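Report on the following structure.
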Amino acid sequence: MFSVQGLTKSFGKEQVLGPVNHIFKEGKTTAIIGPSGSGKSTFLRCLNGLEKATTGLITYKDILLDDTHLHTIRQEVGMVFQNFNLFSNKTVLANVAYALRVVKQWPKEKANQHALEMLELVGLKEKAPVYPKTLSGGQKQRVAIARTLAMSPEVFLFDEPTSALDPEMVGEVLDVMRTITQKGFTNIMVTHEMGFAREVADEIIFMHQGLIREVNETKTFFASPQTIEAQAFLAKIL
């Protein structure tokens, strides 16, 4: 689905990522894990063109990720951020329907009906008429996921979607993500929820100091990490 070759990213003189090489397979769930500052979110943001690679190539379905094709690729690749990014002046329903009307040019009635279906899928249909300020953090993130679902993406990118939530709200968001991973999408998630990664991911990418240090099937990675860095990381958090 995504092919990454020789990817690097620098901010000024500091190289924070790469070189990185990886192929993300269609229909698989990949969890990207590692200590803070290891380049995980930068890597994910490069896949969606939110960060422009310094060097290297990213292709999506053999289409080069560049300025010419970025809009086309983004219509098939949905991203869920840490901090929701909802419009505070629009209702929950309008937030979910917005891209359908603006990007896909759907009429209002069709967009709203589809948005309601997505809100029902994440358990928030009754919140359609209210504004984001009335929602809990977990509910806001579920609305953000519904908004992404509404666009019918083929790939989901999750950038630590539970990191901004209070602990008691994490479970409700993970439940929705768990449902998504069971529907056959290609999912690439940066997460610090090791139990969740262990449960839903097909493969683990372990990053350290801007590099991919280890890639393995999930069960094998957690049972027997191959690198010293991965062993030390798991020893601290498990």
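Listing for the model above:
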{"read-out": "Leading residue by the ranking (farthest from the chain's Cα centre (by Cα)) among those in region 38-60 that are of a type in the set (K, R) and open to solvent by 30 Å² or more (accessible area, probe 1.4 Å)", "value": "K52"}
{"read-out": "Count - residues of region 23-51 that are over 14 Å from G210 (Cα atoms), of a type outside the set (D, E) and in contact (Cβ under 8 Å) with a residue 24 or more places away in the chain", "value": "11"}
{"read-out": "Selection within region 132-155 - of a type in the set (D, E, K, R) and within 16 Å of E120 (Cβ to Cβ)", "value": "R142, R147"}
{"read-out": "Identity of the residue in region 145-178, assigned to a loop (DSSP other than H, G, I, E, B) and among the hydroxyl-bearing types (S, T, Y), that ends up least open to solvent (accessible area, probe 1.4 Å)", "value": "T162"}
{"read-out": "Residue in region 6-18 that is at positive phi, surrounded by fewer than 16 Cβ atoms within 10 Å (Cβ to Cβ) and either part of a helix (DSSP H, G or I) or among the charged types (D, E, K, R) (or both) present", "value": "no"}
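The values are calculated or read from the model by the stated rules, or taken from the named source; none is laboratory data. Keep in mind it's a predicted model, so treat the numbers as computed, not measured. All Cβ positions, even for glycine, are placed from backbone atoms using ideal geometry, and neighbour counts span all protein chains on display. Note: accessible area is taken over every heavy atom of the protein model, side chains too, but ligands, DNA and RNA are not part of it. Shrake-Rupley method; radii C 1.70, N 1.55, O 1.52, S 1.80 Å.
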